[in-house]
Ligand SMILES: [Zn+2]
């Protein structure tokens, strides 16, 4: 009974709160309702961005240094020039040129068993096995603490980090950031104790056997060793083999290599502000992708949403008060060089970004925006919610911004578009990230959310 009364009270309070909220929503925001509805309707009636994404991914995956990327850059530049924006330009950026090569083999040499080949993909920026094979016994750890405890036994071995993705975390990005340390830092940590190579269990929410790549990091003072990711099913298989058979000897052959530097492009388009042109509202994603799948969710979709935001302003003839700038960043995946250069240039030119919005979490159903900013600016952004809700956005809360925009100094609000995150890490950095996984309506709702937010910041500022 007590519970019942409490529930009634809670429902009553929530009901009143919701009512109060909509009745008393800010008139400065409410006056834009008509425009926000036009933005939403255009995004949902016109699948422009979705079809552009389909064209973009026809070039194939877009790793820095690839022919595919050059074709995609040319396509994007021409596309942007044809919309009639006020400015379209690019910045050349020097970025690492890493290639996977044709050989990625991991075989079980001993004990003798029927199943011999395991599904692997080299980790990005990894060195190869020098034209031959690395044959060595494998030693398995769940985490870095176990490695430290057994560091004396690592020399001459292949280290296998079988760190499991924490599936119990509702926020899959939290699970990712816990597990990704083994991909990023596993190689140098194992090499420090004389390991010959490193293997990781793929960093994914999926239970299939598709390996997921992603970058690894070397440390200058420690020898470089090759690294690869196992499909989750084969990681489980190898783990049980190690547990049941004692010594397991593996043979690893990788032909990947770092080729040096290549030139890639940040691509930029803007509509100049009519009242405060010096204040920039940036919206963007990254052009490059890993060389697996076609990078539809990571991050072709985010790029197309960002372009579509500017196109929507053009089609609806919205003259923004502040400058709206779309930035398609280069080389996010294996170097972040595009964003670093953009940030440096921007600082040198004394540019003033009041907000930067990044879409780089897949193009799934809109949920919210995560903002890295002060508390007053956060409440200002939250005051936009009644109009953002038109697109299914439920919240604006503190969070991390985005990998690219976070490299730009002194932005008042770093804002990450945050769609539903339950499927992203099934696909991320793997053969599974392909256009057929993109839902037209979900993607266009996200575009609408980003466009409405961009419009409101441009008109109302963040003060
Ligand atoms: Zn990305």
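The values are calculated or read from the model by the stated rules, or taken from the named source; none is laboratory data. Being a predicted model, the structure only gives us computed values, none of them experimental. Cβ placement follows ideal geometry from the backbone for every residue including glycine, while neighbour counts extend to all protein chains displayed.
Pairs meeting the criteria (first residue in segment 288-299 and touching a residue at least 60 places away in the same chain (Cβ under 8 Å) and closer than 24 Å to residue 366 by Cβ, second residue near the ligand (Cβ under 8 Å from one of its atoms) and in a helix (DSSP H, G or I), beta carbons under 7 Å, at least 6 apart or on different chains) are 289/298; 289/299. Inside segment 297-344, residues that are more than 21 Å from residue 77 (Cα to Cα) and in a loop (DSSP other than H, G, I, E, B) make up a count of 8. Screening the candidates 289, 274 for the property of being in the same structural domain as residue 362 (by TED's automatic domain parsing), more than 16 Å from the ligand (Cβ to nearest atom) and out of contact with any strand residue (DSSP E or B) (no Cβ under 8 Å at 6 or more places or on another chain) yields one hit, 274. Scanning segment 196-206 for residues that are more than 25 Å from the chain's Cα centre (by Cα) and surrounded by 24 or more Cβ atoms within 10 Å (Cβ to Cβ) yields one hit, 197. Evaluating residue 105 against the criteria (1) within 23 Å of the chain's Cα centre (by Cα); (2) in contact (Cβ under 8 Å) with a residue 40 or more places away in the chain leaves one unmet condition, (1). Being closer than 27 Å to residue 40 by Cα, assigned by TED's automatic domain parsing to the domain that holds residue 41, touching a helix residue (DSSP H, G or I) at 6+ places or on another chain (Cβ under 6 Å) and buried (at least 24 other Cβ atoms within 10 Å of the Cβ), is that true of even one residue in segment 340-355? Checked against the condition, which is being closer than 27 Å to residue 40 by Cα, assigned by TED's automatic domain parsing to the domain that holds residue 41, touching a helix residue (DSSP H, G or I) at 6+ places or on another chain (Cβ under 6 Å) and buried (at least 24 other Cβ atoms within 10 Å of the Cβ), segment 340-355 yields at least one hit.
Condition check for residue 168 on (1) more than 19 Å from the chain's Cα centre (by Cα); (2) farther than 24 Å from residue 294 by Cα; (3) not in a loop (DSSP other than H, G, I, E, B): one failure, at (3). Number of residues in segment 402-420 that are in a loop (DSSP other than H, G, I, E, B), more than 13 Å from the ligand (Cβ to nearest atom) and within 24 Å of residue 391 (Cα to Cα) equals 1.
Any residue in segment 71-88 that is assigned to a strand (DSSP E or B), modelled with pLDDT of 95 or more and not assigned by TED's automatic domain parsing to the domain that holds residue 203? Spell out the reasoning first.
Filtering segment 71-88 down to residues assigned to a strand (DSSP E or B) leaves 87-88.
In the following step, the residues that additionally are modelled with pLDDT of 95 or more were identified as 87-88.
Pick out the ones that are also not assigned by TED's automatic domain parsing to the domain that holds residue 203 and you get 87-88.
The answer is yes, given that some residue of segment 71-88 is assigned to a strand (DSSP E or B), modelled with pLDDT of 95 or more and not assigned by TED's automatic domain parsing to the domain that holds residue 203.
Against the condition more than 16 Å from the ligand (Cβ to nearest atom), touching a strand residue (DSSP E or B) at 6+ places or on another chain (Cβ under 8 Å) and in contact (Cβ under 8 Å) with a residue 40 or more places away in the chain, how does residue 339 come out, does it pass? Spell out how you get there, then give the answer.
Working: more than 16 Å from the ligand (Cβ to nearest atom): no; touching a strand residue (DSSP E or B) at 6+ places or on another chain (Cβ under 8 Å): yes; in contact (Cβ under 8 Å) with a residue 40 or more places away in the chain: yes.
Considered against the rule, which asks whether it is more than 16 Å from the ligand (Cβ to nearest atom), touching a strand residue (DSSP E or B) at 6+ places or on another chain (Cβ under 8 Å) and in contact (Cβ under 8 Å) with a residue 40 or more places away in the chain, residue 339 comes out as no.
If you check residue 229 against the conditions, is it in contact with a strand residue (DSSP E or B) (Cβ under 6 Å, 6 or more places away or on another chain), buried (at least 18 other Cβ atoms within 10 Å of the Cβ) and not in a helix (DSSP H, G or I)?
yes
Which of the residues that make up segment 360-383 are away from the ligand (no atom under 16 Å from the Cβ), part of a loop (DSSP other than H, G, I, E, B) and touching a strand residue (DSSP E or B) at 6+ places or on another chain (Cβ under 7 Å)? Result: 365, 373.
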